[in-house]
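Undergrad: My structure is below; once you've seen it, I'll send some questions.
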Amino acid sequence: MKELTQLVRKNVLKMKPYSSARNEYQGDASVFLDANENPFDSGYNRYPDPYQWKVKERISVLKGVPKEMILLGNGSDEPIDLLIRVFCDPGKDAITSISPSYGMYEVSAEVNNVEFRKVPLTSDFELNADELLRVAGTDSKLIFLCSPNNPTGNNLSEKEIRKVLTQFEGLVIIDEAYIDFSAALSYTLKLEQYPNLVVLQTFSKAWAAAAVRLGMAFASPEIISLLNKIKYPYNINQLTQEYALRLLAGEDRMKEQLVQILKGRTELDRKLRDIACVKKIYPSDANFILVRVTDANGIYHRLVEKGIIVRNRTNVALCEGCLRITVGTEEENRILLDELEKIEI
């Protein structure tokens, strides 16, 4: 990769970050008169830790990544936006990603006035690293890869990802929102090997905390320091930090739910194969299954009428005629299957 100073926007490199009261003083004290807070104790009258060190320490143990290599964000969407704002000059630089994939990469690029380039996956939803690198060219600063990918559900080829990591001169961001449902190893294990690697994960899926909005970014201390430089001072509130610590203390509960979801994915896949309106089921390494059906629009609206909501992906590249079905509880999966069995073709 290029030197980090060559990739970072010059104004970001030169800027002096905002220094909050809770950043300037760390330690124990009995009288806090520095931050213009309400002095009457409500449990939440003081500003939270701007760097969420207690949460990061617990995540560090769980993930095997030093806490200095962790950034917490308001969902994964915040670090996606921060990466673009740190490294991409509006109207000048570009971002490259795959298609189909998570839509927020493109939205964040457009918000920041950064060109977004899409490279179609192959017909079996695989990554072509050579084509991706060709399209990225020399003016792309970031490449976003979602693996397991959304909405296709599959892990991208490790060989192809490795080629991108070794040949691309900018940063490679691997979004692992669904990694807990996959047998593949996390790329957090390769952070020391690839200085241009950033890994995103989330509490929204396996940790059953989508409403909490807490995402994680893992990267070199130098990259994390740059993201911290421009993030909002108190981007993760105290309530979220406390809830995250409770979640992390209940890792066994998460693993029990994970076993149930994986079992449900296997059963749902097997039973969908016997349903007449189902034409093809794509392999999944996530907590959802992409299914090609006889009439995606018609079946989607019929399910909506019955109070069953799946995601209609028929207008997404390479997903024509497809519905994306999240693995639900055993009862939710049964209700879906019963309704699909009634559809005549």
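Undergrad: Return the residue satisfying two criteria in turn: it lies in the stretch 45-67 and is in contact (Cβ under 8 Å) with a residue 40 or more places away in the chain and loosely packed, with under 13 Cβ neighbours inside 10 Å, and of such residues it is farthest from TYR178 (Cα to Cα).
TA: The extreme case among them is GLY64.
Undergrad: Determine whether LEU258 is in a helix (DSSP H, G or I), surrounded by fewer than 19 Cβ atoms within 10 Å (Cβ to Cβ), among the aliphatic types (A, V, I, L, M) and modelled with pLDDT of 95 or more.
TA: Answer is yes for this residue.
Conditions tested, residue by residue: (1) assigned by TED's automatic domain parsing to the domain that holds ASP93; (2) surrounded by fewer than 24 Cβ atoms within 10 Å (Cβ to Cβ); (3) part of a helix (DSSP H, G or I); (4) not aliphatic (A, V, I, L, M).
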{"position": "VAL135", "(1), (2), (3), (4)": "yes, yes, yes, no"}
{"position": "ASN149", "(1), (2), (3), (4)": "yes, no, no, yes"}
{"position": "LEU156", "(1), (2), (3), (4)": "yes, no, no, no"}
{"position": "LYS163", "(1), (2), (3), (4)": "yes, yes, yes, yes"}
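Undergrad: Just to be sure, is ALA296 in contact with a Pro (Cβ under 9 Å, 6 or more places away or on another chain) and not assigned by TED's automatic domain parsing to the domain that holds PRO120?
TA: When the stated conditions are applied, ALA296 does not pass them.
Undergrad: Right, here's the next one. For LEU191, state whether it is under 16 Å from the mean Cα position of the chain (by Cα) and outside the structural domain of ASP285 (by TED's automatic domain parsing).
TA: Against the criterion (under 16 Å from the mean Cα position of the chain (by Cα) and outside the structural domain of ASP285 (by TED's automatic domain parsing)), LEU191 does not qualify.
Undergrad: Do we have any residue at all in the stretch 88-95 that's modelled with pLDDT of 95 or more, assigned to a helix (DSSP H, G or I) and not aromatic (Phe, Trp, Tyr)?
TA: Scanning the stretch 88-95 turns up no residue that is modelled with pLDDT of 95 or more, assigned to a helix (DSSP H, G or I) and not aromatic (Phe, Trp, Tyr).
Undergrad: Which of (1) closer than 30 Å to TYR187 by Cα; (2) of a type in the set (D, E, K, R); (3) surrounded by 14 or more Cβ atoms within 10 Å (Cβ to Cβ) is the odd one out, the single condition GLU3 does not satisfy?
TA: (3)
The values are calculated or read from the model by the stated rules, or taken from the named source; none is laboratory data. Bear in mind the structure is a predicted one, so any value in this text is a computation, not a measurement. A quick note on method: Cβ atoms are made from the backbone with ideal geometry, for glycine too, and the neighbour counts reach across all protein chains shown.
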